[in-house]
Amino acid sequence: MPRPAPFSATVSCTTLFSRIVYRAIGRENLRNRRAHSLEHIRTRLVALDFVLTHLQYEYLETEDDKLNYFCQRLDIPKELLPRKRYSGAVPHRTTERYFVDKFPMFLCSGSFSSPVVTFTFVDPGLGILDSFKTHLLAYGSLFEALSEVRLVYVSPRPTQFEIARKTFLATAERPPKKDPGQKILRYFRLQKLWDERKYGKLTTDDMVGQALRTITGASDYIQVGEAASCRTTTSARRFKIWHHNAK
């Protein structure tokens with residue numbers, strides 16, 4: 001029988017390890033049933049508070065859901081996604097896993113716009129921003145590939161939000177690291193989507209860029225696209241952050 005762990009002065013929590021319980025919900029091999037640190041448990045409870053408060057959103061729950069959305073729907077290369085490499089039982093063999101933080105991620109759309117993915121960072125209330133900075137670094141390449149980045153800072157300590165906001169927005173002031181070869185590959189990728197009429201995988205900026213390319217030619221389009229990227233990187237429109245005060 002698992003022992004309760006102190007969560008706060010008046011609250012304790014107990015981890016359910018039984019396969020029978022998780023098999024009943026179709027999650028027999030879920031990693032959450034394993035023993036975890038108190039910090040990990042607090043993080044998951046804060047994330048659960050956020051999800052229960054915002055059930056109206058369409059969540060990307062699993063690793064496959066997220067890979068399908070970014071790689072298939074948005075046509076973003078896997079190399080740009082946050083990943084971690086694990087060593088397996090077999091020597092010299094590793095496995096790459098994506099979005100290992102498992103923070104809630106959801107789609108939110110307006111009345112006249114396509115759904116935009118919203119990321120979250122879950123702070124269990126430790127008051128330390130080092131993990132947030134590491135998180136932004138891990139997601140940096142993916143953020144650069146998106147025309148708009150939305151993030152919710154979830155924490156039971158609202159006093160941390162202002163510092164977190166400045167840390168996040170500082171990301172917008174850094175010029176993106178552009179590889180000329182990647183720029184050419186992006187041009188042909190967008191051209192292919194345009195020719196195949198897969199407009200759902202194109203952002204508004206991509207659509208405008210393709211229209212400009214039709215008028216001015218490929219070389220001019222690449223220059224215009226680069227300038228547009230610099231403008232959106234430093235604009236408040238591209239980087240948005242909110243705070244959710246977990247109970």
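Below 14 angstrom from the Cβ of His135, what's the summed charge of the other residues (Lys, Arg +1; Asp, Glu -1)?
On the way: positive: Arg83, Lys84, Lys102, Lys133; negative: Asp101, Asp123, Asp130.
Around His135, the charge tally is +1.
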| query | Taking θ as phi - 60°, what are the ³J(HN,Hα) couplings along region 154-159 by the Karplus curve (6.51, -1.76, 1.60), each to the nearest whole Hz, with x for Gly and Pro? | reply | 9, 7, x, 10, x, 5
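Summing +1 for each Lys or Arg and -1 for each Asp or Glu, what net charge is found among the other residues whose Cβ lies under 12 Å from the Cβ of Phe106? Walk me through the numbers before you get to the answer.
Values: positive: Lys66, Arg150; negative: Glu58, Glu61, Asp65.
Summing Lys and Arg as +1 and Asp and Glu as -1 gives -1.
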| remark: For Leu151, other-chain or 5+-apart residues with amide H closer than 5 Å (H placed, Pro excluded) are Phe119, Lys240, Ile241, Trp242
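Can you order the peptides 154-162, 47-55 by their average number of other Cβ atoms within 10 Å per residue, highest first?
Numbers: 154-162: 16.1, 47-55: 14.2.
Descending mean neighbour count gives 154-162, 47-55.
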| HN-Hα J in Hz across region 138-143 - Karplus 6.51, -1.76, 1.60, θ = phi - 60°, x for Gly and Pro | 5, 8, x, 5, 5, 4
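Quick check: net charge around Asp65, other residues with Cβ under 15 Å of its Cβ, Lys/Arg +1 and Asp/Glu -1?
On the way: positive: Arg27, Lys66, Arg73, Lys78, Arg97, Lys102; negative: Glu58, Glu61, Glu63, Asp64, Asp101.
Net charge in that neighbourhood comes out at +1.
Computed from the coordinates by the stated procedures, all read-outs in this text should not be read as laboratory data. As the structure is a prediction and not an experimental result, all values here were calculated from the model. We place every Cβ from the backbone using ideal geometry, glycine too, and count neighbours over all the protein chains shown.
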